Amino acid sequence: MSEKKTSFTLQIKKELAGQSTAEACCLQSECAGMLLFARRFEAEGMEFCSESEAAAQRLLSLLRRCFGIKTEEKTVNAGRHVLHTVGLQGGESQSVYTALGYEPGQVSLRVLMSLFQCERCAASFLRGAFLACGAAAEPEKGSRVEFVTRRSGLARDLMYLLESETGMAARLSTRAGKQVVYIKNGQQAEELLALMGAGVSSMELMGGKILRGVRNEANRIYNCDSANTKKVVGAATRHREAILSIKKTKGLAWLTPELRELAVLRLENPELSLTQLGQLTDPPMTKSGVAHRLARLVEIADSVKGL
Ligand SMILES: [Zn+2]
């Protein structure tokens with residue numbers, strides 16, 4: 001998956017940003033998730049940056065509700081896409097940093113367990129983290145939800161949180177010097193989206209998985225069918241050539257009545273299978289009976305050619 005955000009990612013973020021959260025502890029946990037996984041999180045300054053306008057607006061609302069901070073979003077044109085940024089400096093940045101439980105000058109940034117006060121705080125934190133650094137593959141491409149951060153301590157803590165809160169075994173890889181925590185298991189990816197509050201997107205992911213299954217099955221049946229069709233057409237062509245060669249050299253009247261009947265039917269009905277041809281003879285014949293007589297016609301044609 002490239003760094004460019006998929007439209008499904010933006011859709012999930014919009015859905016998450018529309019969640020209504022009432023508890024003060026959960027609001028703070030979500031805000032912490034958004035800021036910790038933002039582009040910059042230091043006592044001296046913070047910067048959140050996202051292609052999702054809904055995510056940036058969500059952060060503005062959380063900062064106002066949790067810390068009484070009123071600030072604005074800035075829009076930056078970055079090549080082909082627009083980035084929405086929210087920045088905090090000076091006193092504001094310092095007060096948020098300490099309010100979330102961090103001490104100025106902290107070198108290794110970790111997820112503080114003191115953030116989690118009620119049983120829904122962890123889900124709120126994960127929602128915030130996804131809004132800041134999450135991405136998901138388009139549902140028709142596969143099930144993959146990931147979090148990308150430059151800080152290895154945060155990546156490890158996130159994996160621990162996913163494991164302890166949801167029992168999900170997330171994996172870790174690196175991409176362009178960044179840590180990528182990801183979930184590839186379809187069911188777990190759906191559960192994670194639902195847990196964070198993106199129920200509709202979770203259903204879409206499930207729908208994509210079913211659609212992929214249906215498409216694979218349809219392809220399998222189609223390939224199988226066309227292989228059979230080729231076999232039938234190939235055999236019919238061989239029989240037809242044999243019968244035509246007899247007709248040209250000896251004439252069909254030269255054949256026994258049984259063989260002549262089938263030879264005529266085969267010439268007149270090139271599209272029919274052996275079973276279907278057998279239903280046209282009088283009396284009707286089995287598929288193997290038809291195959292036997294056609295093989296006999298091919299033998300006769302070969303011997304006539306050899307004369
Ligand atoms: Zn809570």
Per DSSP, the loop-located GluC sites (Glu not before Pro) within segment 52-137 having at most 11 other beta carbons within 10 Å are Glu72, Glu119
Counting other Cβ atoms within 10 Å, keep those with at most 10, restrict to DSSP loop, and tell me which trypsin sites (Lys or Arg not before Pro) in segment 34-79 are left.
Lys70
Among Ala253, Ala56, Gln89 - extreme Cα towards positive end, dipole of the chain, charges at beta-carbon:
Ala253
First measure r as the distance between the Cβ atoms of Asn223 and Asp302, then evaluate 1/(1 + (r/R0)^6) with R0 = 25 Å and state the FRET efficiency to the nearest 0.05.
0.15
If I fit a long axis through the Cα atoms of helix 53-67 and take the longest principal axis of the Cα atoms of the chain, what angle between them do I get, 0 to 90°, rounded to 10?
30
Compute the acute angle (0 to 90°) between the alpha-carbon long axis of helix 152-166 and the principal axis of greatest extent of the alpha-carbon atoms of the chain; round to the nearest 10°.
70
Cα→Cβ-extended label distance, 7 Å offset, between Asn269 and His81, nm
6.1
Calculated FRET efficiency, Arg65 and Val214, Cβ-Cβ r, R0 35 Å, to nearest 0.05?
0.20
What the 20 Å binned alpha carbon P(r) of the chain shows, as percent of pairs per bin from 0, is 28, 31, 11, 19, 11, 0
Given a Förster distance of 51 Å, the FRET efficiency implied by the Cβ-Cβ spacing of Glu258 and Glu140, rounded to the nearest 0.05, works out to 0.35
Roughly what angle does helix 199-249 make with the longest principal axis of the chain, taking Cα atoms, 0 to 90 degrees, to the nearest 10?
20
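Counting only helical runs of four or more DSSP H residues, what would the 222 nm mean residue ellipticity of the chain come to if each run contributes -39,500 (n - 2.57) and the total is spread over all its residues?
On the way: 11 runs with 178 residues, N = 307.
The per-residue figure over the chain is -19500 deg cm²/dmol.
Sort 257-264, 140-147 by packing, meaning the average of other beta carbons within 10 Å per residue, with the highest value first.
140-147, 257-264
Excluding Lys184 itself, calculate the net charge of residues whose Cβ lies under 11 Å from the Cβ of Lys184, where each Lys or Arg counts +1 and each Asp or Glu counts -1.
Here the charged neighbours net out to +1.
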Can you compute the label reach from Met113? Point 7 Å from Cα along the Cβ direction, backbone N cut-off under 17 Å, restricted to segment 158-185.
158-167
For segment 285-290, in order, what is each residue's ³J(HN,Hα) by Karplus, 6.51 cos²θ - 1.76 cosθ + 1.60 with θ = phi - 60°, in whole Hz (x at glycine and Pro)?
10, 7, 4, 6, x, 5
For peptides 97-110, 180-193, sequence by mean Cβ density within 10 Å, most packed first
180-193, 97-110
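Each reported figure results from applying straightforward, stated rules to the coordinates on display, with no laboratory input. It should be emphasised that the depicted structure is a prediction, and the values quoted were computed from it without experimental measurement. Virtual Cβ from ideal backbone geometry, glycine too; neighbours counted across all protein chains shown.
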